[in-house]
1. Taking just the C-alpha trace of the stretch 189-319, give me its Rg and Dmax in Å.
2. Amide H neighbours of Leu296 under 5 Å, at least 5 residues apart or on other chains, H built in the peptide plane: list them.
3. Dipole size in debye (nearest 20) for the stretch 31-105 around its Cα centre, Lys and Arg Cβ +1, Asp and Glu Cβ -1?
4. Can you tell me the dipole magnitude for the stretch 189-319 around its Cα centre, using point charges on the Cβ only (Lys, Arg +1; Asp, Glu -1), in Debye to the nearest 20?
5. Projected onto the charge dipole of the stretch 55-150 (+1 at Lys/Arg Cβ, -1 at Asp/Glu Cβ, origin at the Cα centre), which of Tyr80, Val58, Gly141 gives the Cα projection farthest towards the positive end?
6. Quick one: how many lysine pairs does the stretch 28-173 have with C-alpha atoms less than 25 Å apart and a gap of 8 or more or different chains? Give me the count, please.
7. Sequence gap at least 6, Cα distance under 8 Å: using those rules, report the relative contact order of the stretch 28-173 to the nearest whole percent.
8. Roughly what would the spin-label model give for Ser315 and Asn151, points 7 Å off Cα along C-beta, in nm?
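Read the figures in this text as sums done on the coordinates, not as results from a lab. Treat the numbers as computed from the prediction; the structure is a model and nothing was measured. Cβ atoms come from the backbone with ideal geometry, glycine included; neighbour counts cover every protein chain shown.
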Amino acid sequence: MLLIIASLAISCKEEEIISEAPEETIEIIKRKEGKAILHFDNIDELQMFIKERVNADVDYLEEARQFSKEGRYNPLLLVYNLESNEAESLGIDEKSIPTVASDDDMLLLMLNEEGEIWIEDKIFRIDEEFVYTYTASDGSGDINNFIEQYNAGKLEIQPGKTIEFSKSLTVFMHENGKDQNNYVERSQTNYQYFSSNYRMKARQFDGFWGFYSSIGSSTKVEKRKKFLWWTSWNTVKTDNRLEYDMSYEVRATPGFPPVNFVATASGSRYCNCNNAQRTYAWSVGFPWAPERYIPLEGESRHWAHWYTTNPNTVSVTLQY
């Protein structure tokens, strides 16, 4: 009897410990050549990471600041919004920051200061018009060789196509922002100025990056950042509003049974935040490509407030 009671007590205690323990975060931060990088063991973990944040309307820039403050990694979203002295304190060389032409803050949150994310045994790096995929164990040395040969005209790659440059490196030339191969960029960006130093950025975005794709819209306010003759814009927190009602085509992964269809999205987001963003749909895929989203018709409506300027409210409606 005593043994049974003791066994039950231990069992209950173990259940209490399990239930009281905080849930483990699914992302694992690894270090690659001295830089921290977001790592996922499989696509399911990556899907959960994105789903939790999209569904909860997370303020991505605030989370990026928290990740960096905790010393986990420096998200590219944060790097794009740093002052020069902040970048220097984090050991970031502003001249070497990769160019990722995307207004999807979810994507920029996942990428580190080198534009990289680690999925299974592959590292994906986005910079300018290319998405590089290389085997983590082999390193990224072949990327510089590719760039040298491409700039010298020794090899060619077409938009929307992937080449195998070496045993450990493949290169995808994305089409985001281009009209190529029957893919028409119908999204757009509009700026409404409160003053010469503050502006609202209204954006419809869609992008296909080989391992990740998305479609959505956003409203944010930016403050001018000037250093000598160089000007850039940083996101600032304020009251932002977004409404949308539109349709888009979902194109299946090439090589799979055709399941292309038309979907719709409508809704709104009002918040005191860095970015009132809504992602209508998103997809991840590796080694098979994710879905592609093509905007068809509809509109998005954007408002923002900056109360120390005149006017202190601006708005615009963008048609798809």
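1. 17.2, 55
2. Ser247, Tyr248, Glu249
3. Details: 9 positive and 18 negative charges, 66 e Å.
The calculation lands at about 320 debye.
4. Details: 15 positive and 9 negative charges, 146 e Å.
The dipole of the stretch 189-319 has a size of about 700 debye.
5. About the Cα centre, the residue reaching furthest to the positive side is Gly141.
6. For the stretch 28-173, qualifying lysine pairs total 19.
7. Working: 194 pairs, mean separation 28.7, N = 146.
Worked out over the stretch 28-173, it gives 20 percent.
8. Result for the modelled spin labels: 4.8 nm.
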